Amino acid sequence: HHHGKTGMSRFVAMNKSVIRALDKSAPWLSLLAVRVLMGWEYLESGLEKFHGENWFADIQGQFPYPFNVVPPAISWQMATWFEIIGGAALIIGLGTRFFSLSLIILTLVATAAVHWPAEWSSFAVLMKGYVITDDGFGNFKLPVLFLAMLTALLIYGPGKLSLDAFIRRRYMAK
């Protein structure tokens with residue numbers, strides 16, 4: 001029985017040191033992955049708009065107010081540049097909270113205009129739209145995942161491995 005106890009205490013000690021290492025790395029690495037993933041997604045989407053045709057005129061009526069009264073040429077440019085600059089800024093962790101909030105607003109508008117089902121009678125029907133594919137029930141799964149990740153960045157900030165944290169340590173130290 002004695003050997004089992006040392007094996008168990010070795011396991012507990014190893015577990016403690018793994019948890020301690022994860023706790024130490026968390027402020028540096030945990031939000032970096034979210035930032036890079038979100039930044040890449042929005043940057044890619046913005047570059048696609050930059051190189052593509054403006055299709056906002058086709059859906060302008062579906063935008064929530066006040067975005068439905070903004071001329072499509074302007075809303076297209078705003079979306080394009082917020083995605084490009086915001087995406088790049090998230091990757092390097094600069095203005096993280098500002099761009100997270102900006103992209104949350106942009107994503108809510110996009111979800112209302114494009115991804116939300118045109119009509120739904122119940123929560124069950126609405127949840128048919130919680131998909132990546134578009135089968136006519138809406139497809140708001142990705143925007144919802146993006147909103148959750150952007151909300152984490154808005155609340156927690158960029159983490160220590162970011163320009164925001166560097167600037168804060170360098171210029172805003174007590």
Residues located in segment 67-84, provided they are in a loop (DSSP other than H, G, I, E, B) and under 23 Å from the mean Cα position of the chain (by Cα): PHE67
Residue in segment 98-112 that is modelled with pLDDT under 85 and either touching a His at 6+ places or on another chain (Cβ under 7 Å) or in a loop (DSSP other than H, G, I, E, B) (or both) present: no
Number of the condition not met by PHE11 [criteria: (1) open to solvent by less than 60 Å² (accessible area, probe 1.4 Å); (2) more than 22 Å from LEU145 (Cα to Cα)]: (1)
Residue count, segment 36-54 (criterion: open to solvent by 50 Å² or more (accessible area, probe 1.4 Å) and under 23 Å from the mean Cα position of the chain (by Cα)): 9
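The values are calculated or read from the model by the stated rules, or taken from the named source; none is laboratory data. Fair warning: this is a prediction, and the values are worked out from it, not measured in the lab. Every residue, glycine among them, receives a Cβ derived from its backbone with ideal geometry; neighbour counts consider all protein chains shown. These accessible areas exclude ligands, DNA and RNA; they are computed on the full protein's heavy atoms, side chains included. Shrake-Rupley method; radii C 1.70, N 1.55, O 1.52, S 1.80 Å.
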